[in-house]
Amino acid sequence: VLLSLRILLLMKPSVLSRVSHQVAYGLHELLKTNAANIHSGDDWATLFTLLECIGSGVKPPAALQATARADAPDAE
């Protein structure tokens, strides 16, 4: 599940902003029920990056955006 949350960081910031309430609620539920089962530093980094992006409007890390553009079918 946590790996699939990284996909949210690939969305355009404007789209992520529009779904921020839903994502925040989902992350709250995830952390409330499963925080003790999250052991990987990468997973925690994903969660905190998502919280930062949806909570304060920070743009997702450029490295993720660059990777998404390179993987896009219409990339040059």
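The values are calculated or read from the model by the stated rules, or taken from the named source; none is laboratory data. Bear in mind the structure is a predicted one, so any value in this text is a computation, not a measurement. Cβ placement follows ideal geometry from the backbone for every residue including glycine, while neighbour counts extend to all protein chains displayed. Calculation scope for accessible area: heavy atoms of the full protein, side chains included, ligands and nucleic acids excluded. Shrake-Rupley method; radii C 1.70, N 1.55, O 1.52, S 1.80 Å.
Brief remarks follow.
- Region 1-66 - accessible surface per residue (Å², probe 1.4 Å): 65 Å²
- Relative contact order of region 1-66, defined on C-alpha pairs under 8 angstrom at six or more residues apart (%): 52 percent
- Distance-filtered residues of region 2-24 - backbone nitrogen under 18 Å, label point 7 angstrom along residue 34 Cα→Cβ: 2-9, 22-24
- Angstrom value of the Kirkwood radius, inverse mean 1/r, which spans all Cα pairs in region 1-58: 11.5 Å
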